[in-house]
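Novice: Here's a structure for you.
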Amino acid sequence: MPSIQPIQPIFGLEVLDSDQLAALRSATLHVLEHVGIQFPSQQALDVFAEHGAEVDMERQVVRLPPDLVTQAMSHAPRSYRLAGRVNETDLILDGTRSYFGTDGCGTETIDFETGQQRPSRKEDVAKMARVAEYLHSVAFYWPMVSARDCGRLAPLHELDASFNNTVKHVQTETVMGEQPAQYAVRMGEVIAGDSQRMRARPPFSVLICTIAPLGQDKEGIEAGMVYAQAGIPVGFMAMPTMGSTAPAAAGGALVVANAEVISALVLMQLVTPGAPVFHSILASVMDPRSANYVVSTPEKYLCNTAAVQIAHDWGVPTLAGAFGMDGPEPATWQLGRDSVYTALMVALAGADIVTGGGMLRASTLLVPEQLIFDDEIYHINRKLVEGIDTSPDGLALDVITAVGPRGHFLAQKHTRRHVRQFWIPELSHPRWTTEGEPAPDIRRRARAKLGRILAEHEPEPLEEAIQAELQAILDTAGRQLGM
């Protein structure tokens, strides 16, 4: 049975104090009331108008009075469940632990067999779902790449490949638009058993990106309303780039991003009060010399960590970003340096769910063995934040007394019990062999582990009747959507 080892810190990290949080909230409310957010959806504009927002129908801009924002957000639940196909893989978002997932949704992959870069396919989504199910670090699965061989139905096929290859919770960031969302909801009902069971134990959730600065995506917003009404957890992610789509200052970038996210969460609560939602901000920086998109910067790490506090200040769970660096190759000094920061910082800040594992080149390229590297970084961080045990067993005074001066601890039962709990990174510390041959280089070791997982791990299959129902939904969607 696949198992999950979440990160459970015994100490925390805050990059914002209470005055700073209050200033960010005040600035966000000011932007929502006086500047506004563009909602290019007549459905959304009508909902806002019905609830007393100031709506400019011609410009499609909505201004939200503070009372409307705070009243709507008061209905958003702080805690709820993201379900897997089996109870042991359920995720409880209650602020006590951080669950990490994979990254997506890239369009290119390095073929595991040939080593050549090519467009991604549905089989890649399925293959990486199997790997994600095996790894204890992965609590939920984002389809890591696009099923580009499935055309415009790719997002639904990515869900299908995920459901068929992991019992863990699935989160999609690509099924957008009202009609595709309705088909995704039907797929969720098939997995859960019916609509009521799906509400109680949603087998998938959805992330929708906002449009920077201060805008929403029509297909995303209209899909979000479908998900909210169905009880599918839906989150919104703002991705401000400091210097281009956001002010060239971390504080200003957080205000713009927060206004985008909160406006969308307010809409979900107006549509369905109590709808499970989550908040997400992933920042980046524009290189002033080249205008390139840069994610490996201190400003990003601070903003991603601050976003966790901001979400919790609004009383909702958060999805934080980690890994997903802009280097093109695994096992490099740059990735070893940059991948640690956000993965550790957002966990210490108390992020509920975290995405980012396994992708390179700013989350556009899948190099399969990168997920093995990120898994190792994850477990190092997991052990770091557990802290030091100072219980009687941890202090081991009885053992120290028994051994005394100039003795050794090898024969002690305490030693035999505790050395098994050491987490020794196997990529950087390969097991010693009696042959004395040098170990393969670290990337080959990562590829070997990935190969073993693919060769040996078989996910629990869906019942044939459920597989047939999913295929029927895909066939119907293809006909009705003209795809």
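Novice: Between Asp90 and Arg199, what is the spin-label point distance in nm, taking each point 7 Å from the Cα along the Cα→C-beta axis?
Specialist: Distance between label points: 1.7 nm.
Novice: Tell me, what HN-Hα J-couplings in whole Hz come from the Karplus equation 6.51 cos²θ - 1.76 cosθ + 1.60 at θ = phi - 60° for each residue of the stretch 330-338, using x for Gly and Pro?
Specialist: Couplings: x, 6, 10, 4, 4, 5, x, 6, 7 Hz.
Novice: Charges on Cβ only, +1 for Lys and Arg, -1 for Asp and Glu, centred on the Cα centroid of the chain; of Gln179, His34, Ser290, which one is farthest towards the dipole's positive end?
Specialist: About the Cα centre, the residue reaching furthest to the positive side is Ser290.
Novice: Which value, in Å to one decimal place, does the Kirkwood hydrodynamic radius take for the chain when every pair of different Cα atoms is included? Walk me through the numbers before you get to the answer.
Specialist: Details: mean 1/r = 0.0426 Å⁻¹.
Averaging 1/r across every pair of different Cα atoms and inverting gives 23.4 Å.
Novice: Follow-up question, since we're still on this one. Kindly rank 228-241, 111-124, 254-267 from highest to lowest mean number of other beta carbons found within 10 Å of each residue.
Specialist: Values: 228-241: 23.4, 111-124: 14.4, 254-267: 27.1.
Ranked from most to least packed, the peptides come out as 254-267, 228-241, 111-124.
Novice: Pop out the ³J(HN,Hα) list for the stretch 24-38 in order, Karplus 6.51 cos²θ - 1.76 cosθ + 1.60 with θ = phi - 60°, rounded to Hz; leave Gly and Pro as x.
Specialist: Residue by residue, the stretch 24-38 yields 5, 5, 4, 5, 4, 4, 5, 4, 5, 7, 10, 9, x, 10, 7 Hz.
Novice: With label points built 7 Å along Cα→Cβ from the Cα atoms of Leu395 and Thr415, find their separation and express it in nm.
Specialist: Output for this residue pair reads 2.2 nm.
Novice: Something else about it: Lysine pairs in the chain 8 or more apart or on different chains: how many have alpha carbons under 27 angstrom apart?
Specialist: Final tally of qualifying lysine pairs is 10.
Novice: OK, next. With a Förster radius of 35 Å, plug the Cβ-Cβ distance of Ala49 and Arg81 into 1/(1 + (r/R0)^6) and report the FRET value to the nearest 0.05. Write down the numbers at each step before the final one.
Specialist: Details: r = 34 Å, r/R0 = 0.96.
Computed FRET efficiency for Ala49 and Arg81: 0.55.
Novice: For every other residue with a beta carbon closer than 14 angstrom to the beta carbon of Ala250, add +1 if it is Lys or Arg and -1 if Asp or Glu, then tell me the sum.
Specialist: Values: positive: Lys300; negative: Glu299.
Residues near Ala250 contribute 0 overall.
Novice: Explain nothing, just the number: relative contact order of the chain, from Cα pairs under 8 Å at least 6 residues apart, as a whole percent. Mind showing how you got there, number by number?
Specialist: Values: 1008 pairs, mean separation 90.1, N = 483.
Reported as a whole number, the value is 19 percent.
Novice: Work through the residues other than Trp314 whose Cβ is under 14 Å from its Cβ and net out their charges, Lys, Arg +1 and Asp, Glu -1. The partial results should precede the final answer.
Specialist: On the way: positive: Arg25, Arg78; negative: Glu260, Asp313, Asp352.
Surrounding charge for Trp314 is -1.
Novice: So what's the net charge close to Ser195: Lys and Arg +1, Asp and Glu -1, counting the other residues with Cβ under 10 Å from its Cβ? Each step should come with its number before you reach the end.
Specialist: Values: positive: Arg186, Arg197, Arg199; negative: Glu189, Asp194.
Cβ neighbours under 10 Å give a net charge of +1.
Each value in this text was obtained by applying a stated rule to the coordinates, not by laboratory testing. The model shown is predicted, which means the values in this text are computed figures rather than measured ones. We place every Cβ from the backbone using ideal geometry, glycine too, and count neighbours over all the protein chains shown.
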